[in-house]
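Presented below is the structure to which this report refers.
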Amino acid sequence: MGKDKSIRSKGSKKGQAQDSVPEDVPSSLVASPIPRQPKDLHPWLSVPAYKELIPRCQHLEKRVFPKSEAMDLASELKKPNQFLFVVLRRTNAGNIELLAYGVLALSRIDRTARISKICTDPAFRRQGAGRLVVRSMLGALGACDVESAEGHNCPTIPLSKYVFLPTTMEICAVQLHVDKARCGFGVKTVVPNYYAEGRDALLMTRGIDCM
């Protein structure tokens with residue numbers, strides 16, 4: 001599988017959640033890149049709760065997406081180039097709610113970071129969670145904040161751009177996720193039948209400077 005890597009947010013310790021959130025996102029929401037090393041736990045989560053994150057994301061995946069488009073997160077996240085980001089909220093009772101998650105994939109071949117999945121629980125939409133997932137991803141990569149297990153800064157994969165492939169049927173949600181200016185994303189083209197017959201995708205890209 002090669003060298004293991006984790007992504008952490010700029011200004012935070014490895015494995016901890018990002019302390020600050022954008023002004024237009026509720027401060028009760030915390031976006032956290034989930035590290036690959038079990039010892040690097042999210043500060044809110046016990047070991048059992050941490051281990052349940054991927055199954056909880058998978059349950060939400062099956063609820064939100066058609067069976068043909070549902071990702072096998074447990075398998076995908078075993079790949080060394082796949083990274084999970086989650087948005088969590090702690091209730092007054094001390095429970096941890098999973099509001100949204102996203103999957104980021106790095107590619108050596110075409111030098112891109114691909115946002116392959118963004119998913120928000122329908123019960124928590126329009127609260128800034130999806131947008132916070134995207135911003136957390138952009139912040140981690142835009143700051144060259146990909147760290148190898150040995151602690152060497154910056155990715156071994158030289159990246160030239162992000163790639164985001166939402167379905168055209170989800171364009172309103174896409175605009176919500178990527179903010180008023182789409183977080184710098186621009187629509188490049190339509191990819192016919194990308195997901196299934198009649199389910200086209202919008203190819204949205206933006207450049208990054210991580211060199």
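Structure summary
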item: Some residue of segment 38-52 being among the acidic types (Asp, Glu), modelled with pLDDT of 90 or more and part of a loop (DSSP other than H, G, I, E, B); result: no
item: Flag if residue 79 is exposed (fewer than 15 other Cβ atoms within 10 Å of the Cβ) and charged (D, E, K, R); result: yes
item: Residue in segment 60-69 that is part of a helix (DSSP H, G or I), surrounded by fewer than 16 Cβ atoms within 10 Å (Cβ to Cβ), touching a Cys at 6+ places or on another chain (Cβ under 7 Å) and at pLDDT 85 or above present; result: yes
item: Residue tally, condition closer than 19 Å to residue 160 by Cβ and in a strand (DSSP E or B), over segment 90-134; result: 9
item: Residues that are in contact (Cβ under 8 Å) with a residue 40 or more places away in the chain and touching an Asp or Glu at 6+ places or on another chain (Cβ under 7 Å), drawn from segment 99-111; result: 99
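The values are calculated or read from the model by the stated rules, or taken from the named source; none is laboratory data. What you see is a predicted model, and the numbers here were worked out from it, not measured in a lab. Note: ideal-geometry Cβ built from the backbone for every residue, glycine included; neighbour counts use all protein chains shown.
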